[in-house]
Every structure is written in structure tokens, then in C-alpha cells.
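Notes to accompany the following structure.
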Amino acid sequence: MRGYNRSHLHHPNPSPAAFGGTLSLWERVRTHIERPHMPDLARLEQDTLAAIGSAADEAALEAVRIAALGKKGAISALLASLGKMPPDERKTKGAVINALKDRVTAALAERRAALKEAALERRLATETVDVTLPAPTSPLDMGRIHPISQVTDELAAIFADLGFSIAEGPDIETDDYNFGKLNFPPDHPARDMQDTFFLKPDGTGERKLLRTHTSPVQVRTMLRQKPPIRVICPGRAYRCDSDQTHTPMFHQVEGLVIDKQAHLGNLKWILNESCKAFFEVAEVRMRFRPSYFPFTEPSMEVDIQCSRKAGEIRFGEGEDWLEILGCGMVHPNVLKNCGLDPDVYQGFAWGIGIDRIAMLKYGMPDLRAFFDADIRWLRHYGFRPLDFPTLLAGLSS
């Protein structure tokens, strides 16, 4: 029986406490059972109904029911004694005892219903909802997509539409993949400790590093996949640098095309179309300036037309220029290092900082805030979780 210990039913002398403190009732029950003559039914009914009325909860009420109507209860004992009476007396007394049982059963049901209603009222009082208060914000409304994740998804949508797939690689790289196969000379400054995060030598004496760019993913792709190749490589990169526009860990996306007839005209068209789609403008003007990168030849840096007014940068208009990315034709030595014949295949590559173009597109003044984990900043600059960037619905919708 829930909320009630029934062990007293099998004990020869149970304590009155087992009946929820109904001491007078239990004493009378024992007296009625042990007395050979008929008990005082009026007094028994009075005591039982008083105990029912004073039951504070359903557990106490159940104790009263057991004391009166249980297997060894007072009224049950009276019913059991009918078998020892003469037939005429049994008929008379049986009607009286059964009527008493019915009245006690009805009182128990009425009291149980009252206790349940009272318990419900108390619960409603403690669980009251003030409907005048504003509704709590749902997790979908509170959650925000970080601008880095948003811009990465935007770039994936743009280049998927141009026929590119996504390639990824490990953050911890070997010197060979990060520098050697990419045509970095042994004395290149990028190999110095002040520019690159090197790890402790492993058991073989090899000293790995945190990749300084996502170009090792291009190397892994060329070693694993036969041309034609069209991939973008988004991911984290690491360099010993920290200021308003540089952080020790940042995000890059690099693109690679390898084919038998890839040329600079293809590269310029891809960059122009992707910039128009990303910045969501009808036209952009770009200028290509000669530069130097160990892994491309010729190498170029790309500026994009913009206007600067009241601290705001707008693309597709104005007379100013802003450097935005680096690119070039894949160096023949890189092709050879990756097992490709430079007399048969050629290609081009480019790289751009995801953090940087996120700042430019969405007006974020300080790169360091990207990694401060400030919920207020994320609520302001973040994006709603279900607003997926697509070329059809809009990248920044």
C-alpha cells in the first residue's frame, strides 16, 4: 500500500503508531475483538468517523481504513464474528454491521476526494504562472551562429555553385607538408620559432607544428586525387601574431584548381564571381598586383574597389582600394613534389582570411572580439540557427 507500512498486519501486537496515531481507535478495536459480547457500535462509528475527519493526508486516511476495514480491522472483526451467532441474531446484527461498513466506506471516499482536491489546490498555488509576464525566450531564438561559421557556410554555398568540393586536413602538420612540398626554402623566415608554433620532437625526433596555412590540405589533395581538381580548403591556421587585425589562431579558406588547361583568366573570373556573390553586389572591380609566394609563380595580390565613408566600407563603389587576398599559378616545383607532371598539368590557387572578410562584410572593428566568448557580442553579430545561407534565399538573410 503506497504511503503506508503494512508490516503491522502480520505482527501479533502492532503499535498504535502504525495506525497514523489513531490511539483511541486502535485501543477500542482491540477491546472489541477481545470482548466476547457485541461492542458499542455507535461508539465505534463515532471514533472511526472522527479519525476519518481528522486524517491530514491520504497516508493517514489509509491507516484509518486499515484499522476499521482491514483484514484485522474493527468492523471486519465484527463481520467475522457473525458466523458464531444464532441465525436470527446474525440476520439482525449483520444488517446493522453492514450498514456501518457502508457508512464508513462512504466517509472514507468523501474524505479521500477532499484530500485530493486540497492537494491539487496547494499544487496549483505553488505552480501558478503569471500570464502577465513575458513568455520565456525559446532556445532557437536565443541561440546564435558564430560569424566565422556563418561566413564559412556562405563560402561553401558560393563555391559549391561554381563546381568546387570541400577538402579538409589535420591542424598538426609535418614540416614537409607545411613547408617542404610547398617550395619553401630551408632558410625561409616562416620556419623560425618567432613565426610558427613548433611542437616538441616525437619519438623519432621529428618536430611537428601547427599549420601556418591551409595549403597542406592542397598538397594532401594532389597526392591523393588525380586531376582535374577543384577544391576549397577552409580551416584554422596558427601563427605567432596578435593585434587588432591578427590573432594567433585564425581561419582561412584556400582554393585550388588543377587541370590541363587552367589559366589566369579562369582564376580572375572565379575570384570576381565569388566576391560579387559574397559581398552581395552587382559588380566589383579588382586589380592584380605582382607579389611573391613560394608556392605560386607568377604570384599576385588582389585589391578590391571600395568606398570609405563615416568609418564604413562599401564594395562595388568608390575610388579606394583594399587588399583582400593572394593568389597565383601553382609553382611547377609544387606540382612535381606532389607527383604531377608540370608539362601536362597546371593550376592556380588563392587564399583569403575568413575572419578578415567577415569583419569587412559585417562591420566588425576588432578581430580579437571573435574569440572573447562575449555573449553580448555574439547576440549582436551572430546569426539565427535556422537561417541557412543559400544563393537562392540570400547569404546574409
Inset, instruction - For n ≥ 4 DSSP H runs only, could you compute -39500 (n - 2.57) per run for the chain, divide by its residues and tell me the 222 nm figure to the nearest 500? - result: -12000 deg cm²/dmol
Legend entry - Neighbour cut-off at most 15 other Cβ (10 Å), DSSP loop, GluC sites (Glu not before Pro), segment 251-296: 280, 283
Inset, instruction - Mind pulling the angle between the C-alpha long axis of helix 58-69 and the longest principal axis of the chain? Nearest 10 degrees, somewhere in 0 to 90. - result: 30 degrees
Legend entry - Unit charges on C-beta of K, R, D, E only; dipole of the chain, Debye: 2500 debye
Inset, instruction - Calculate what fraction, in whole %, of the accessible area of segment 55-110 sits on carbon and sulfur atoms when a 1.4 Å probe is rolled over the protein chains. - result: 57 percent
Legend entry - Approximate spin-label separation residue 102-residue 333, in nm, with each point projected 7 Å along Cα-to-Cβ: 11.0 nm
Legend entry - P(r) of segment 279-388 over all Cα-Cα pairs, binned every 10 Å from zero, in whole percent: 12, 31, 28, 21, 8, 0
Inset, instruction - Tell me the label-point distance for the pair residue 317, residue 375, using the 7 Å Cα-to-Cβ offset, in nm and rounded to one decimal. - result: 3.9 nm
Inset, instruction - Check cross-link reach from residue 276 to the lysines: straight Cα distance under 30 Å, and skip same-chain residues fewer than eight apart. - result: 260, 268, 309, 361
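What number comes out for accessible area per residue over the chain if the probe is 1.4 Å? Units Å², please.
56 Å²
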Inset, instruction - Could you point to the residue in 373, 354, 327 farthest towards the positive end of the chain's charge dipole, with +1 and -1 charges on the Cβ of Lys/Arg and Asp/Glu respectively? - result: 373
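According to the Kirkwood expression over distinct Cα-Cα pairs, how big is the hydrodynamic radius of segment 51-143, in Å?
16.9 Å is the Kirkwood radius here.
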Legend entry - Most to least packed among 153-159, 166-172 [average Cβ atoms within 10 Å]: 153-159, 166-172
Legend entry - trypsin sites (Lys or Arg not before Pro) lying in DSSP loop within segment 142-236, provided at most 16 other Cβ fall within 10 Å: 207
Legend entry - Sequence-distant aspartates and glutamates (8 or more away, or on other chains) whose Cα lies within less than 12 Å of residue 208: 171, 173, 175, 176
Legend entry - Calculated FRET value between residue 261 and residue 133, using beta carbons and R₀ = 56 Å, to 0.05: 0.25
Inset, instruction - Only Cα pairs under 8 Å and at least 6 apart count here; give the relative contact order of segment 173-283 as a rounded whole percent. - result: 21 percent
Inset, instruction - Highest first, please rank the peptides 323-329, 84-90, 107-113 by the mean number of other Cβ atoms sitting within 10 Å of their residues. - result: 323-329, 107-113, 84-90
Inset, instruction - Express in nm, to one decimal, how much length is gained between residue 58 and residue 46 on full extension, taking 0.36 nm for each residue of separation and deducting their alpha carbon distance. - result: 2.3 nm
Inset, instruction - Express the Stokes-Einstein translational diffusion coefficient of the chain in µm² s⁻¹, to the nearest whole number, given a Kirkwood radius over alpha-carbon pairs, 20 °C and a viscosity of 1.002 mPa s. - result: 75 µm²/s
Inset, instruction - For segment 103-245, build the convex hull from the C-alpha positions and give me its volume per residue in Å³. - result: 357 Å³
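The values are calculated or read from the model by the stated rules, or taken from the named source; none is laboratory data. In this text the structure is predicted, and so the values were computed from the model without any measurement. Neighbour counts are summed over all protein chains in view; Cβ atoms, including those assigned to glycine, are modelled from backbone coordinates with ideal geometry. Remember, those area values only see protein heavy atoms, side chains included, never the ligands or the DNA or RNA. Shrake-Rupley method; radii C 1.70, N 1.55, O 1.52, S 1.80 Å.
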